[in-house]
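Take a look at the structure below.
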């Protein structure tokens, strides 16, 4: 069977089907990706949505390929719409030779009349059409697309809905009209030459036992599929074929983190609702009782307690209180929530409590862009709090890292007895992709100097929670352990934990705490601190430096650049604290041309690198419009800088709707 | 092992001002602890920031001196993770009813089985005497440049509105009443508040020991002072809600509690205003969802198999997210 190398990208507007509050929870969009996953293909999906529940435009982009892909691209080959707004906003993103699926009844809609499109966008689109002598209507948009050789596929959704209703004997059309989304997916699959059975299977998974809903969708889907087959006189230039594969997971970043936390032993999770972090806690809560392997406790279930708190201050302090009992405890938030958590972070630092904070950064400052993407919080999480204390900051780059890092960060937190921040972002939280199956035994559980209940207390029974040691780490007892009474205080304290303002003690305690960071830097293997992707060329022409979710589009862009003979290597920094100073210095010292790529205004990681290594990366590709970087943007940005490397360049990327 | 008062002493120098109500609270609390069937290994005191917060350092039981206003979330987190612990949270009125009042309200909604003691003296002692949320409108304690411009918050009413299931008030220098009230609070199944009125000899020159003692109110017959606090227990008042009570009776009882909480000035009721064990604790509510919660609580779970790897069955956990290649018959 022939497998096309051609990358397909498909875009479907978010239906008016907001199951999950403001986020696009359209099961139909995921059904397209699901159908492709069942057909053995790799998928990558990007969700963009407004901070509102219903109304403003949201959309979902899915990229499908027989080879692994890790990012989205600028333009799409197939645009599936079921409202006029999507057509108006996105028709110009369809590649020549691609297709647009739409309802012919939209044609008369005037662009001015769609009040959910922002005025600047309306003016932009109208000016574009006027230049070509086209009317400011959907018809004009469609004509423009036609002139660019885009295939148009008018689908009378309402007819198909009415026929479906008749066939199942449903008089209330509104009950059936919800299938419009599945109709557009079905039409897409027909055009792409993909077997409809994959969609049926995917629907079965989405709707579970709801037989009537499944039946309704399947009937409509079949009708739409056949209609589209008849409509397309010429085969659509892009065709999808199933591929051989191992079983894969199709999941989002916040689900990957949730799985990692449960596997990694997190047993208390606190949270206050915030976008885009809350999905993770909700996923955990819906899996609060889970199965153990036989080697665990046979026949018994494990459990994790999820508590919704009154605010983020309570979220971190409650998790910290829990951690004092020896439980692995975490909280999950976004930038604004983390701002509130800062005093709790300082207390955990002062009292050497291994509490984990998962921080999904989004557009800031203040409320910023709640549902949009940004990597603007790196320097904030590195330095948040008054005073000085050590912390772990680990930045994941993709969904697999989200999972494994969620386990690893508990090991770091417990081994070095300090708060640990798992820094992720909106792009990772909400992107969905197929990934190879995850393993629960890849990261062993390491609890550091935790005193087991079997131990007897040393000396004359007096336990010193903060006893001095060469590596700075003291044996850690937990609350309720017989023979190990201890004290904590946010005040500077002595080794027992009582308040102590003596200057000598202060020096020793500060040194003890800060030494732990050196211990961590020394003990954590270099391969856990960063990833380095080599060029196929012996000497790379360009060294890309980045962190976090830009990993996906950078790897995809690297492939494009390497194909053109440009040697590219990529340093992905994962551990921001303790920082892998020597390794980064070494990699950058050998770089012919270094480019810093970040999803923020100032290039925060470049600033950290400069602070640590004294190396200034003056070429930067940055983006701060709230939309994640695409493969194409990075490709173009790198080429732009290479074309004139003598100048220090700052390329600002702007793609995204 | 029977706990003696001397067992609860630490060597830490006590830096409270002479005559501080905190001493009375410390003494009453410690006596209560010796009279309760408590395993000292399971006892944890949590405190906030303020003069009251230091009490954990003066008490020989595990003590977590937390942040200003945050004692409740810290304490609740520990109790939820390990429900076997005996958790007592202690804070000041500024601490718990000012900066921490949000936590106060939500702790009531949860009804976790633990105790919360408030040192209530009407001032922020450790920052030199600013007005706390329990100071009444128009009062000008000695370090206030102007009279208090805010009305006071009533911990009893607020606790009732927030869902606390045990609400009591006592007085720092009535040691016997104090220790009995604390004992009842600790034994209560659910979230228990003990609001303890106390003088601050340094900054509150209005609600002084003499004022509480009624030294300005000499009984004409006995020539003795008439103390302001009076014990509810001695008046036949009963604030308990029992399982068999009709809805009407419950409503009547609630009105009675509100009425009692309004008393202030020359007659200040102390004692148990309200107790209701018919409301399920947070632990009970969790158990309804996580059946193994009390037997194998979060802190009691095995996190690694003997080989050091996770005991979690990931395949089962991620079943919904797994897409197995579907081979279609063609």
- Task: Quick one: in segment B:307-326, of everything that is farther than 23 Å from residue A:204 by Cβ and within 7 Å of chain A (Cβ to nearest Cβ), which residue is surrounded by the most Cβ atoms within 10 Å (Cβ to Cβ)?
- Result: B:310
- Task: Being within 12 Å of chain A (Cβ to nearest Cβ) and either surrounded by 24 or more Cβ atoms within 10 Å (Cβ to Cβ) or assigned to a helix (DSSP H, G or I) (or both) is the filter here, so list the residues in segment B:29-42 that pass it.
- Result: B:40, B:41, B:42
- Output the residue which, of all residues in segment A:492-507 that are outside any loop (DSSP other than H, G, I, E, B) and surrounded by 14 or more Cβ atoms within 10 Å (Cβ to Cβ), is farthest from the other protein chains (Cβ to nearest Cβ). A:505
- Just need a number here: residues in segment B:163-185 that are in a helix (DSSP H, G or I) and surrounded by fewer than 24 Cβ atoms within 10 Å (Cβ to Cβ). 7
- Message: Just to be sure I understand, how many residues within segment A:307-344 are touching a helix residue (DSSP H, G or I) at 6+ places or on another chain (Cβ under 7 Å), surrounded by fewer than 23 Cβ atoms within 10 Å (Cβ to Cβ) and more than 10 Å from chain B (Cβ to nearest Cβ)?
- Response: 1
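Per-residue answers, yes or no, for (1) within 30 Å of the chain's Cα centre (by Cα); (2) at pLDDT below 95:
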residue: A:114; (1), (2): no, yes
residue: A:118; (1), (2): yes, yes
residue: A:126; (1), (2): no, no
residue: A:134; (1), (2): no, no
residue: A:144; (1), (2): no, no
residue: A:147; (1), (2): no, no
residue: A:178; (1), (2): yes, yes
residue: A:193; (1), (2): no, yes
- Just for segment B:287-306: of the residues that are in contact with a helix residue (DSSP H, G or I) (Cβ under 8 Å, 6 or more places away or on another chain) and over 25 Å from residue A:446 (Cβ atoms), which one is nearest to the other protein chains (Cβ to nearest Cβ)? B:293
- For residue A:304, indicate whether it is within 10 Å of chain B (Cβ to nearest Cβ) and under 26 Å from the mean Cα position of the chain (by Cα). yes
- Does residue B:271 meet the test of being in contact with a helix residue (DSSP H, G or I) (Cβ under 6 Å, 6 or more places away or on another chain) and outside any helix (DSSP H, G or I)? yes
- Note on the structure: Flagged in segment B:274-286 as away from chain A (no Cβ under 11 Å), more than 30 Å from residue B:231 (Cβ to Cβ) and either touching a strand residue (DSSP E or B) at 6+ places or on another chain (Cβ under 8 Å) or not in a helix (DSSP H, G or I) (or both), in numbering order, are B:280
- Query: Taking the condition over 18 Å from residue A:398 (Cα atoms), touching a helix residue (DSSP H, G or I) at 6+ places or on another chain (Cβ under 6 Å) and within 14 Å of chain B (Cβ to nearest Cβ), does residue A:39 pass?
  - Reply: yes
- Kindly list the number of the only condition in (1) within 35 Å of the chain's Cα centre (by Cα); (2) surrounded by fewer than 22 Cβ atoms within 10 Å (Cβ to Cβ) that fails for residue A:185. (2)
- Among the strands (runs of 3 or more DSSP E) contained in segment A:265-332, which hold 1 or more residues that are modelled with pLDDT of 95 or more and under 29 Å from residue B:64 (Cα atoms)? A:266-271, A:301-303, A:305-308
- strands (runs of 3 or more DSSP E) wholly inside segment A:525-634 that include at least 1 residues being crowded, with 23+ Cβ neighbours inside 10 Å: A:542-546, A:568-573, A:575-577, A:594-598, A:619-623
- Failed item, numbered, when residue A:431 is tested on (1) in contact with a helix residue (DSSP H, G or I) (Cβ under 9 Å, 6 or more places away or on another chain); (2) modelled with pLDDT of 95 or more; (3) more than 20 Å from residue A:520 (Cα to Cα); (4) surrounded by 20 or more Cβ atoms within 10 Å (Cβ to Cβ): (2)
- Item | Any chance residue B:210 is at pLDDT 95 or above and in a helix (DSSP H, G or I) | yes
- Message: Within segment A:116-220, considering only helices (runs of 4 or more DSSP H) that don't extend past its boundaries, which have at least 3 residues that are touching a strand residue (DSSP E or B) at 6+ places or on another chain (Cβ under 9 Å) and closer than 28 Å to residue A:33 by Cβ?
- Response: A:138-147, A:180-192
- Query: Among the candidates A:472, A:483, A:459, which residue alone is more than 29 Å from residue A:358 (Cβ to Cβ), more than 11 Å from chain B (Cβ to nearest Cβ) and either under 39 Å from the mean Cα position of the chain (by Cα) or modelled with pLDDT under 95 (or both)?
  - Reply: A:459
- Query: Just wondering, is there one or more residues in segment A:600-609 that are out of contact with any helix residue (DSSP H, G or I) (no Cβ under 9 Å at 6 or more places or on another chain) and under 16 Å from residue A:533 (Cβ atoms)?
  - Reply: no
- Report whether or not residue A:369 is surrounded by fewer than 22 Cβ atoms within 10 Å (Cβ to Cβ), without any contact (Cβ under 8 Å) to a residue 40 or more places away in the chain and touching a helix residue (DSSP H, G or I) at 6+ places or on another chain (Cβ under 9 Å). no
- Those residues of segment B:65-103 which are closer than 20 Å to residue B:285 by Cβ and out of contact with any strand residue (DSSP E or B) (no Cβ under 8 Å at 6 or more places or on another chain) amount to B:73, B:82, B:83, B:84, B:103
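The values are calculated or read from the model by the stated rules, or taken from the named source; none is laboratory data. All values derive from a computational prediction rather than experimental measurement. Glycine gets a Cβ as well: all are built from the backbone with ideal geometry, and neighbour counts include every protein chain shown.
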